[in-house]
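Let me begin by presenting the structure, written as structure tokens, before commenting on it.
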Amino acid sequence: MLQGDAPERDLAAFVLPELGRLQDTGDQWAPYQLLDQDGVVVDPVRVFFAELQAEDKPASTVRSYGMDLLRWWRFLWALNIEWNRATRTDARDFIRWMQIANKPQRLH
């Protein structure tokens, strides 16, 4: 391990908790909100969604990014990492976990 590196995480045993949610608002100015486990809007994501809208992205794009961000924030919440304190190592571990995690089967 290099100096400054975080200890290895047991990603094989990690289970992403179902904290928070992406909510369809029905509001054309803010079609989706990412809510934390207490139902509070996650402000950095709200700002990002506003930027997407300013770039004339459709609501479907906001939703797609929202689902990805929900997984990222759940990962951070599960490991008690503040979003603005996340490191490259945290991002690496999230990507590694995404590669090995069981993908839930969803009914369409």
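Exactly one residue among 41, 15 is over 18 Å from residue 58 (Cβ atoms), open to solvent by 50 Å² or more (accessible area, probe 1.4 Å) and modelled with pLDDT of 95 or more, and that residue is 41. Residue count for the stretch 46-62 satisfying the condition of being within 14 Å of residue 24 (Cα to Cα) and of a type in the set (A, V, I, L, M, F, W, C): 3.
Only one entry of 68, 38 meets the criterion of being of a type in the set (Asp, Glu) and either in contact with a Leu (Cβ under 8 Å, 6 or more places away or on another chain) or assigned to a loop (DSSP other than H, G, I, E, B) (or both), and that entry is 38.
The values are calculated or read from the model by the stated rules, or taken from the named source; none is laboratory data. If you're wondering where the values come from, they're calculated on a predicted model, not measured in any experiment. Reconstructed Cβ throughout: ideal geometry from the backbone, glycine too, with neighbour counts over all protein chains shown. The protein model used for the area step is the full one, side chains on, heavy atoms only, and it has no ligands, DNA or RNA in it. Shrake-Rupley method; radii C 1.70, N 1.55, O 1.52, S 1.80 Å.
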